[in-house]
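Some notes on the structure that comes next.
Each value in this text was obtained by applying a stated rule to the coordinates, not by laboratory testing. For clarity, every value in this text was computed on a predicted model and none was experimentally measured. A quick note on method: Cβ atoms are made from the backbone with ideal geometry, for glycine too, and the neighbour counts reach across all protein chains shown.
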Amino acid sequence: MTRPGPTGFDRGHLLTEQANPASEGLDTLETAALVQLFCDNDLEPQRAVASAAPALEAAIDAIADRLRQGGRLFYLGAGTSGRLGVLDAAECPPTFCSDPELVQGVLAGGAPALLRSSEGLEDQAQAGCNDLNQRGFAGGDCLVGIAAGGTTPYVLGGLAMAQSIGALTVAMACVPTEQAPMPCDIDIRLLTGAELLTGSTRLKAGTATKMALNILSTGVMVRLGKVHGNRMVDVAVTNSKLEDRALRILRDLADLPAERALALLAAAGGSVKLALLMQASGLDVTAAQAHLAGHGPGLRAALAALPARQGEGPGRVKAEPSG
């Protein structure tokens, strides 16, 4: 029998807690059959995310609008859900050169909970509010509350508080809304079904959550002008791998030889976007920065605002790589 949770009801009815008939003999399977069962079942997260596309679209546009106005994006969660939020937030600065404060992951138990389980903290509704308040969460910000089963008090408390101050609230869960309503403006439900290991939401639910967060954060950054074509032109050049990627972007989009690309990247202070604009316009770094500030933040808009003679010819930056 499932123990009643702190919210006063039995969680056994939740989709994420139900037993999967396909894995009733999981412990008796040969390893090859076990692996194949997981491979087959792991197609469900893809279908779940695809079904949630309209809600993801709404969330991307609403979050991007808030961020343009100076707001920030917070992920709030406990256990696996919280760790996935922290992971997605941590990957934004190196990928998009975003301020580390712009996207933040808030995990029940803080940094120690990344390495050592502290799932007991998820039962404290006020703790979610407190953790957000400690980060200065405000009405102009956005909160994505992540809870696979949709009943985590830590997340529900944070969402309710965020709603009360006028922040944008997005819920992300892997159970139907009628099983676990969550206070939110936009409701993202990733219905992955029962786990092969009953109740272990680090499996399909976690996979679907990671996929949805990938789409959400990348979509927001695209809307904020941090991507040109399919290239991360705001990539932070912080190691040799990322420097190599930055140089390939310059060579592909501006048809530059390696030496010129390296010199241009250095002149632009490591900014691929500025380097591309400088190449297309002939502007120095200071003038390019001013032009981007006035016509950006997207490179496409900044290029379109250049005088015709500057946006044409061999220095033209393309949206797609050359053949």
Trypsin sites (Lys or Arg not before Pro), loop per DSSP, at most 12 other Cβ atoms within 10 Å - longest free stretch of the chain: 117-308
Options (i) 42, 23, 16; (ii) 34, 22, 17; (iii) 29, 27, 16 - which one matches semi-axes √(5λ) of the Cα gyration tensor in Å as calculated here: (i)
Residues of type aspartates and glutamates that residue 210 reaches as a straight line, Cα spacing below 12 Å, ignoring anything fewer than 8 places off in the same chain: 88
GNM flexibility winner over the chain from 289, 104, 163 (Cα, springs under 10 Å): 289
Amide N proximity, the range 12-37 versus residue 123 label position 7 Å along Cα-to-Cβ, cut-off under 20 Å: 12-14, 17
The range 23-223: relative contact order as a whole-number percent, Cα under 8 Å and 6+ apart: 26
Estimated FRET transfer efficiency when R0 is 51 angstrom, pair residue 24-residue 165 (beta carbons, to 0.05): 0.60
Distant-in-sequence amide H partners of residue 149 (H built 1.01 Å from N, under 5 Å): 174
GluC sites (Glu not before Pro) within the range 122-210, DSSP loop, no more than 13 other Cβ atoms inside 10 Å: 178
Cut-off under 5 Å, modelled amide H: who pairs with residue 74 long-range: 104, 142, 143, 144
Cα-based reach from residue 273 at 14 Å (exclusive), listing aspartates and glutamates while leaving out same-chain residues under 8 positions away: 234, 243, 252, 284
Rounded Å value of the spacing that divides the Cα centres of the range 111-140 and the range 27-71: 24
Under 16 Å from the Cα of residue 241 - aspartates and glutamates, other chains or at least 8 residues apart: 91
Table column - 3J(HN,Hα) (Hz), the range 50-67, Karplus curve with 6.51, -1.76, 1.60, x for Gly and Pro: 4, 5, 8, 3, x, 5, 5, 4, 4, 5, 4, 5, 5, 5, 4, 4, 5, 5
Residue with peak Gaussian network fluctuation, the chain [Cα springs, cutoff 10 Å], from 57, 259, 101: 259
Rel. contact order, % - alpha carbon contacts under 8 angstrom, at least six apart, the range 164-226: 25
Stretchable slack from residue 295 to residue 115, in nm (0.36 nm times residue separation minus alpha-carbon distance): 60.4 nm
Residue among 115, 190, 168 with the largest mean-square fluctuation in a Gaussian network model of the chain, springs linking Cα atoms under 10 Å: 115
